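The values are calculated or read from the model by the stated rules, or taken from the named source; none is laboratory data. Worth saying up front: this structure is predicted, and the values here are computed from it rather than measured. Note that we place each Cβ from the backbone using ideal geometry, even for glycine, and neighbour counts take in every protein chain shown.
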Amino acid sequence: MSKLSIKKFLPALLALSSSQIWSNATASEIEVIEVYAQKRKQLDNEVSITVNQVKGDKLLNFGLKDSTELGLLIPNLKISQNAAEGTPPAVNIRGVGLIDYNTANTSPVAMYVDGMSVGSANNQLINLFDIEQVEVLKGPQGTLFGRNSTGGAILIRSKRPEAGTFGFITLGAGTDNMYKAAGAYNVEMSDNSAIRIVFNHNKYDYTSYNILADSPEAGMEQNDLRLSYLGQWEHLEWYLKLNYSHWNGIVQPVGNIGIYSDPISQTRCSISQVNAGNCVDAFGFNDGNNDYWAVSVNNDSPHHSINKGWTSEFTWDVNQDTQLVWLNGFNRLDREHAFNCDGSPAQLCEGQLGVKAEVLNNELRLQHSLGAHFLTFGVFALQERIFQKNDNDILRDLRGTPFGDNSAHFFYDNELKNNSFAVFSQFDWHLNKNWLATFGLRYADENLDYDSLSNINVVIDPTNLSGALLPFYHVKGEVKDNDLSGRLAINYTINQQHNLYYSLSNGYKSGGYNGGYLSSPEQAMLADYGPEELIANEFGGKFINDQKSLKVNWALFHYNYKNQQVFMNQPSLVEGAPPIQLLENVANSKIYGADLEILHSFNEALELSFGIGYIPHAQFEAFSDPLGNSLTNNRLPFTSEVNFNGVLSYRAVWDSKIDIQTNIGFDHQSDYYFDQNQSELASQPSYTLWSIKSQFNFEKYTVRFWAKNIFDKEYSHLKFDLTNFLGMLEDFKGEGRRVGLELTYRF
């Protein structure tokens, strides 16, 4: 009998679960948590690493739109929109991350969607709709996930087709011209197969608004479509997913934080004056508005992207103890993203990030049960091609003036081809009923070929300010890496409620070529960088009480970071020239801290989840940048010392028909720096974001109210330091208060 046909007697229950309104666990008990952290379904206490899981209904309840908002629910995870929505996000776990908008680079935190590596950081901006669950694996995942998982991995699992024919449709609206539509339709085709079609539509303006006359209103329209099929037979299972998304809009405008009280004499403001918005940039500009969310910028900056691909997972139950899994997937992203980096009405710094990225995944995995023991063995191959078409127009308005010597329009055409191959194995050995030992090893071989071509437009004839296009540089080369990574873990079960574990693991991130925006042929010759490695020690525990009403997970960790890759934003030696932007191996750093996650069900109505992330030490060891500036003991960028978040949930049910649920949540980040220089200007003071969600369920209908950043807290995703170039910081503002109302109908 097939797995789907076994479920035939449960269509009503399955329909209820698809509505995404509440866990089907006993109301007074905490839901059993199952994870795929070791590429198979297990209870989370069987896994000797820190795993934070977020169910799809929780994502829905809080109105989380995409992967950059996951940090609101998970301690020691910070994900920023970086250089505005539509650019590669900056993902940081426990201080390990990369802040770089270059579309050719790869994050040290791996991301997998339905088992497939997304490849470069371009593809880590994922809309979260019709999701089964998200798992955040903290610490190096160098054995099973391997490639570029120095800091950890994020696993996103879509809802799969299941037994029964049912669906839902949701319509919503919110502040700042926000409109939403989403729906899913699940059809059981036979006892053995089902399909599921899902759509998602978002349209909105940004909470930052432009006061410059005739400048277009900035906003985005996003459309996503997913079609999936699941067939289950006696010994075979096939999951196939096709996905398509189309984004179109105007990029979120940036703010301009000036640093001068008098730009002519270059008299600088105090830090407090700068933060109060009372200063001007090197050209005397200030937007003149006291509203934090207001900007004044010629922001005719369109964004357009198309993403499409497939995922195929074929599983063969060879026998009762052995399973063979073949994963195959392809994804293509075409994106054009214009930007304005001077944050003013002038034409001083404008350009475009253009990219076409293709990723092909293949993984063949053998999973074999040896009684109480378990063996995983596999091979992995990834091919990725990235074509960049970028440009950056510098100081256009100064052409033909005595100050226009540094005016130039740079054009970049880069092609990068990456081939990655790995062999991996992990063995779980039950020494006895209390002790479990895990051994893992992975060998990886990577080869990157790059071809970087740049032309430059400069004024040669003062009577022709349109300039002349000249060759700038042409660099070809390759970067080769091979690496062994592994893991040793011990898990001790004290009793059915409590276990302790210790894990020693290492992870690596491959080298590459950072050719996105370079300002000299010498930089282009030196733009390749080497691999980095992280060695992690982690000691933790997982506890649940007898009543299954209290769950506590904790971990202590210590990282040794070797040859760490850090994005270096440093002033040019040429006065008035754009900053030098390099990705450098900056020797070593050390990180240590703790995670704590508590889930407590007080009674059938009230539940609390609370998480704390604490990183007292995350600093570079002895290192100086290429200009001789010492970075020794500087704190790693994007790393708060303290981060804690929580959700208080209340549920009331009347007559088994009316169900009211309310969740109040918060996320607090202590202050952190945006780059390696530890500048007070390029930093974010501590802040707390509050959110609320309340929903009313009656039979087939759900009305949901939600609000994010209730108190309209002012904060930034990134402050990019251009003080030595334009006398300002480019301010990528966060999201202000947003309130929405949705109606869902289930059928």
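Observations on the model:
- Taking the criterion of being among the small types (Gly, Ala, Ser) and at negative phi, the residues of region 629-665 that qualify are SER630, SER640, GLY646, SER649, ALA652, GLY665.
- Within the set LEU240, LEU212, LEU171, the sole residue that is under 30 Å from VAL325 (Cα atoms) and among the aliphatic types (A, V, I, L, M) turns out to be LEU240.
- Members of region 191-243 found to be hydrophobic (A, V, I, L, M, F, W, C), in contact (Cβ under 8 Å) with a residue 12 or more places away in the chain and under 30 Å from ASP712 (Cα atoms), listed by number: ILE211, LEU212, ALA218, MET220
- When the criteria are applied in full, TYR561 meets the requirement of being among the hydroxyl-bearing types (Ser, Thr, Tyr) and closer than 27 Å to ASP721 by Cβ.
- For region 688-719, the tally of residues that are in contact with a Ser or Thr (Cβ under 7 Å, 6 or more places away or on another chain), part of a strand (DSSP E or B) and among the aliphatic types (A, V, I, L, M) stands at 2.
- Where strands (runs of 3 or more DSSP E) sit wholly within region 473-579, those with at least 2 residues that are of a type outside the set (Phe, Trp, Tyr), touching a strand residue (DSSP E or B) at 6+ places or on another chain (Cβ under 7 Å) and at pLDDT 95 or above occupy 498-509, 532-544, 550-562.
- Residue among PHE711, PHE720, PHE725 that alone is touching a residue at least 24 places away in the same chain (Cβ under 8 Å) and farther than 19 Å from SER683 by Cα: PHE711
- Residues that are within 28 Å of MET111 (Cα to Cα), hydrophobic (A, V, I, L, M, F, W, C) and without any contact (Cβ under 8 Å) to a residue 60 or more places away in the chain, drawn from region 338-373: LEU360, LEU364, LEU366
- For region 643-671, taking the residues that are assigned to a strand (DSSP E or B) and without any contact (Cβ under 8 Å) to a residue 40 or more places away in the chain, the one that is nearest to ASN585 (Cα to Cα) is identified as HIS668.
- All of (1) in contact with a helix residue (DSSP H, G or I) (Cβ under 8 Å, 6 or more places away or on another chain); (2) modelled with pLDDT of 95 or more hold for GLY404 with one exception: (2).
- Checked against the criterion of being surrounded by fewer than 21 Cβ atoms within 10 Å (Cβ to Cβ), under 18 Å from GLU336 (Cα atoms) and more than 26 Å from the chain's Cα centre (by Cα), region 385-400 contains one or more residues that satisfy it.
- Residue in region 714-732 that is under 19 Å from VAL647 (Cβ atoms), crowded, with 22+ Cβ neighbours inside 10 Å and of a type in the set (A, V, I, L, M, F, W, C) present: no
- Filter result (in contact with an Asp or Glu (Cβ under 9 Å, 6 or more places away or on another chain) and either aliphatic (A, V, I, L, M) or not in a strand (DSSP E or B) (or both)) within region 176-191: ASP176, ASN177, MET178, ALA182, ALA184
- Region 302-353, residues that are part of a strand (DSSP E or B) and of a type in the set (Gly, Ala, Ser): SER305, GLY309, SER312, GLY329, ALA338, GLY351
- Region 299-322, residues that are crowded, with 19+ Cβ neighbours inside 10 Å and not small (Gly, Ala, Ser): ASN299, HIS303, ASN307, THR311, GLU313
- Among residues of region 116-171, those that are of a type outside the set (Ser, Thr, Tyr), in contact (Cβ under 8 Å) with a residue 60 or more places away in the chain and part of a loop (DSSP other than H, G, I, E, B), counted: 21
- Restricting region 227-261 to residues that are more than 30 Å from ALA276 (Cα to Cα) and crowded, with 21+ Cβ neighbours inside 10 Å, the residue that is nearest to the chain's Cα centre (by Cα) is TRP247.
- Condition check for SER158: surrounded by fewer than 24 Cβ atoms within 10 Å (Cβ to Cβ), under 20 Å from the mean Cα position of the chain (by Cα), of a type in the set (Ser, Thr, Tyr) and on the phi < 0 side of the Ramachandran plot: yes
- Region 665-709, subset aliphatic (A, V, I, L, M) and surrounded by 16 or more Cβ atoms within 10 Å (Cβ to Cβ), residue farthest from the chain's Cα centre (by Cα): LEU681
- All of TYR492, TYR502 fail the test of being in contact with a Gly (Cβ under 9 Å, 6 or more places away or on another chain) and of a type in the set (Ser, Thr, Tyr), apart from TYR502.
- The condition (being out of contact with any helix residue (DSSP H, G or I) (no Cβ under 9 Å at 6 or more places or on another chain), among the polar types (S, T, N, Q) and surrounded by 15 or more Cβ atoms within 10 Å (Cβ to Cβ)) is satisfied by just one residue among SER640, SER630, SER656: SER640.
- Criterion (within 26 Å of CYS341 (Cα to Cα), assigned to a loop (DSSP other than H, G, I, E, B) and touching a His at 6+ places or on another chain (Cβ under 9 Å)) met by exactly one of GLU680, GLU735: GLU735
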